[in-house]
Every structure is written in C-alpha cells, then in structure tokens.
Amino acid sequence: MAAHRKFTFENPEDSYWNSNDFTDSPFDNLSTANAAAARAAVDDLFECRFRFDSDDGWSNTGSESPSIGEVQTKQNLRNGSTDALKTVFETSRPGRSFVQFNQDQSFGQKTPLKYCPVSCDYASSFISDGSAESFSSNATTQLDYSRLKSEHRKLQKHLEQVRLERYRAADPEHTIRRLLRNDPVSLDLYRSKKEKLDLLEAALESYDGNVIIAVVLALERSLKTSIFLDILKQKPVAAHHYISYLKDIKNFDQLTSTLSALNRTEEVALVLYSVACKKPPNERIVYLKKCLNSCTAIPSLQAFSKSVNEYIDLLERQIIIEDADEALIKEGKNKIFQQYPKTITLIGRPVLTTLYYSCLYHFDLPVNAYASPLSIKEFFSMTEKQYAWMAISALTRLKRWNDIERVLMSKKLLGGVKIQCPFAWRHLFTIISSDEQQPPKEILCKFLRAIPDVNERQYLANQFPEASEVIIECMVAQKDRIALNEFLARLTPHTIEFYKALNALNNATNRWKN
C-alpha cells in the first residue's frame, strides 16, 4: 500500500491514496469506535489465551504461544480492511455479542474479555483456516482494483481531451510568453486570419524584435502575398522589423518587392544602387539602369538619378579605356605602361581617379578621344580646381614641368597670359615637391614669383634653399634692410645670390623703412 500512497488525484474522493495507514476509512458507515474495538479484540485474541468463565469449565486447547499462521493472520487483520474484520466477527457470532468493549477506552489499550459463549475450537479453527487473511486480502484487492479502474477512466478522459486539444491553438499571450522564454511552440495552429492578427498584436505588445520576426515569418509562410503585404501596411512596426530582417539576410529581391508594395520607392532606389555596387562591372551597369528607371519619375530623387546616370556613363567609358589599354600593354607600344606599370583595374574607380589615370597615361590625346583628360573634364563637368589638381599630380610623377606650367596658364582680360593656381599656392608646392626629385630652379622660382602676396611668397620661398633670389626680392619689396643684412650674412660669399643681396643694399634708389 505504500506504493499506492505516492499517487495524487485531482478528485478529492481519491484522498485514500494519500492518506496514512489507518487515518481514513474507505467505508463511511464504520465508526472509529468500532474500528478501535475490533483492533483491541484481535490483539487480545492472538496475544493471550482465551479467558472463559470458570463455571463452564472450558480450557484452551491451543498452544501457549501463537502459531505462525495466527501471527500472520493478526498482521493481515491489522493492515487489512476493517470491513473484512467486521465480516469475520459478525459471521462468527450466533446471536449475541462475541465480546464486550468499553467504549471509553483508547485506541491502543487492550480490552479485557468478559465472556465467550462460543466454543474456542470453533474460533480457533475459524482463524487458523486463514479466513481473516483471505477476507482482508480480498477486500484490499477489490479496493485497489476499483481505485485503479477509476484512475484508468480518468486517464482515458484526460488522453481524449489532450487529443482533442492537440491541434487547437493556445492563447496568443501564452504563446508569446513561451517565445520569450525560448520554449518550442507551433505557430501553424493559428489558422484563421483573426487568430493570426491576434498573435501578431500580442507579439507587437511584447516589444521583442525576435518574437515579432518569428510571428511575421510565420504569417509570411501561411498567408497569401497580397494579404501579408496588407497586414504590413497596417502594422508599420512589424514592417520595419521585417525589412531589417531582409537586409540582414541580404534577400534583396524580396526586400525590393516589399518596399515597392509599401510605396517606399526612395528606399527601393537606394537598395538597388547598393546591390548594383556589389556586382561585377558588366552586371553593375544593368542593375544601375534598373535603379535609374525606378527613381526617374520621383521628383525628390532627381539629383540622385543624375548621379546614377553619370555613374553609368563613367563605367561605360572605363570599360572602353580598360580594354584599349590592355591591348596596348600586350603590344608593348606605349612606353609609359612599361615605366609606370598598372597595378589595379580602372573599372569601378571614381571619376577623379579616372582623370588622374588619363592624365598619367593619355595626357596628349585629343579632346574627341574617350581617354583624353579634357574629354573627361568636359563630359563630367569637372571644375578647373579638380582638373588642375589631378593633372599636376600626374604630371609631377612624369616630371613634365612645362606641361604643369601650361596647365596653370590662364588668359588675362586684355589678352595676355599669366600663371594662376586655382587652389591655394601652398598645395601646389606641396604637390610638386612631394616626389623624390624637386622641380628645376627656374620653374620653382617662376611659380614663386607668380604668387601675388609678398608675405606668402617669402614664406613659401623660405622652404626651398634654391629660391634665395626670390627671398631677396621679397625683402627688397618689403624695404626691410635689417632682414636683408641678416640674410646676407647666411649666404655663401661670391655667389649670385650674395652679390644680388649686396647690390640691393648698396643701391641708393632703394628706400628702406629701417
């Protein structure tokens, strides 16, 4: 019975399995007093000899100590059903009570036997035959069987209920809580549109991105595309998470179609442009044209569409130049490619890099050539500053100083020409002096004399030791006699610069400020 007491049941009537050995009786019609009296009678029956009245002259014919069968019978009676015990005593008495008990005695006390009219042999034979044991065992077995049968019926009902609820969707909030705990759930049980919307609403209220994405993907798998997109239009938060998810997994086809359905055409153009930039050069032009078609009709993307169109033209020009140069390299006719070999491809480079490439390898080409620097400048509407910077950088590497001077030449209003730098002069001297070989002294002094500001000219001339003549001219123009004397002391005697400074100091026409 100890094994049975481990079971628990929802029905209160099954408390028999959780009760102690003798605290609860399975029979409601048997009182506690009768059970105590029966226990005391059995104890007195097997622990001592039967005491009878002296007038009858009966004596106990049994053994002084209880036999093994009697002990076993007593144990079974203690552990068995009280109903079986009651049956034993009611069957054994002919017409009056077998024993008399004091109702006020406690449960554990023995009750003395008052009289016993029944034959001792009859009682001894009745007990020794194992009748009490059989009654107790049978009653307990019947009780266990009824309890197990009841439990079996309950389990069958529970199993049937589980089978019925197996394919029934749980409450959306319960499912979302399981998703938040990373517990396995089945979202396919939500079949109707209303159930799916309720589940999505519960996911949005959780403010958890992973849960929202899980529910949105479940809706995508189980709904038509049109219905799914309508739901995304109604739920902008879900649409935002879904678009971010598509960007993370790089599903750009689905991303562009979803953005188009949501009327987010500007983002479609940007996505197509980013996808095109990751494609090989030949495929890139095709994707850029798709991007151009998607943003042409949008007024807010006119500047962007213009840039995309220019990028397409640049790629087409770069492909033509690259193919022609590869042919020249294979033929070995162009010495510049041998002196300055190509290390990277031109395709996909920015327009300024393309201009530098053209100035380095194709500076002498006419304007009508694809690789001509002037053609690139005019086609892409590049400024004089951009063109001069790239051209001077390339020509400095080639040490073509006269061509640099021609690049800096500009026409005056009255028809003359002069050297004029479109950007800051300090940047010009930084560019031409960045190479290993410095420009010639004549070219350097010519560029320094072209600087209109005297102070800036003197400051830049001090950075070049070979420009001492320009420094002397600046000091004379500033009428600084003291500075000229100090500079003369640093010059090497009997040099051209030394005599030029000395003549300036001795010239009486010069008016000094100090």
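For beta carbons closer than 7 Å, sequence separation of 6+ or different chains, a first residue in the stretch 429-448 that is among the basic types (K, R) and a second that is assigned to a helix (DSSP H, G or I), the qualifying pairs are K441/E466.
At least 3 residues that are aliphatic (A, V, I, L, M) and under 24 Å from P422 (Cα atoms) in each: list the helices (runs of 4 or more DSSP H) lying fully within the stretch 437-514 that qualify.
On the way: elements: 441-449, 454-461, 468-478, 481-490, 496-506.
Qualifying helices (runs of 4 or more DSSP H): 441-449, 454-461.
Residue pairs whose Cβ atoms lie under 6 Å apart, separated by 6 or more positions or on different chains, with the first residue in the stretch 233-250 and within 17 Å of R221 (Cβ to Cβ) and the second surrounded by fewer than 19 Cβ atoms within 10 Å (Cβ to Cβ), are H241/G209; H241/I213; Y245/I213; L246/Q254. One residue stands out among those in the stretch 151-192 that are of a type in the set (A, V, I, L, M) and part of a loop (DSSP other than H, G, I, E, B): the one that is nearest to the chain's Cα centre (by Cα), which is V185. Might you let me know whether the stretch 391-414 holds any residue that is farther than 25 Å from P440 by Cβ, without any contact (Cβ under 8 Å) to a residue 60 or more places away in the chain, assigned to a helix (DSSP H, G or I) and out of contact with any Cys (no Cβ under 9 Å at 6 or more places or on another chain)? Among the residues of the stretch 391-414, not one is farther than 25 Å from P440 by Cβ, without any contact (Cβ under 8 Å) to a residue 60 or more places away in the chain, assigned to a helix (DSSP H, G or I) and out of contact with any Cys (no Cβ under 9 Å at 6 or more places or on another chain), which makes the answer no. Taking the stretch 216-232 as the range and being free of Cβ contacts under 8 Å to residues at least 12 places away in the same chain and part of a loop (DSSP other than H, G, I, E, B) as the test, only K224 passes.
Within the stretch 251-264, if we keep just the residues that are touching a residue at least 24 places away in the same chain (Cβ under 8 Å) and assigned to a helix (DSSP H, G or I), the residue that is nearest to the chain's Cα centre (by Cα) turns out to be T258. The set of residues in the stretch 451-465 that are of a type in the set (A, V, I, L, M) and buried (at least 16 other Cβ atoms within 10 Å of the Cβ) comprises I451, L460, A461. Applying the criterion of being among the aliphatic types (A, V, I, L, M) and more than 12 Å from S393 (Cβ to Cβ) to the residues of the stretch 421-450, the residue that is surrounded by the most Cβ atoms within 10 Å (Cβ to Cβ) is L448.
Pairs are defined by a Cβ separation below 6 Å, a sequence spacing of at least 6 or placement on different chains, a first member in the stretch 156-172 that is closer than 21 Å to L197 by Cα, and a second member that is surrounded by 11 or more Cβ atoms within 10 Å (Cβ to Cβ); the pairs so defined are A169/L189; A169/Y190; A169/E195; P172/D198; P172/L199; P172/A202.
Name the residue that is surrounded by the most Cβ atoms within 10 Å (Cβ to Cβ), counting only residues in the stretch 329-374 that are farther than 23 Å from A388 by Cα and within 51 Å of the chain's Cα centre (by Cα). Across the stretch 329-374, the extreme among qualifying residues is I329.
The numbers here are math on the coordinates, done by the rules we state, and not lab data. Nothing here was measured: the structure is a model prediction, and the numbers come from that model. Note that each Cβ is placed from the backbone with ideal geometry, even for glycine, and that neighbours are counted across all protein chains shown.
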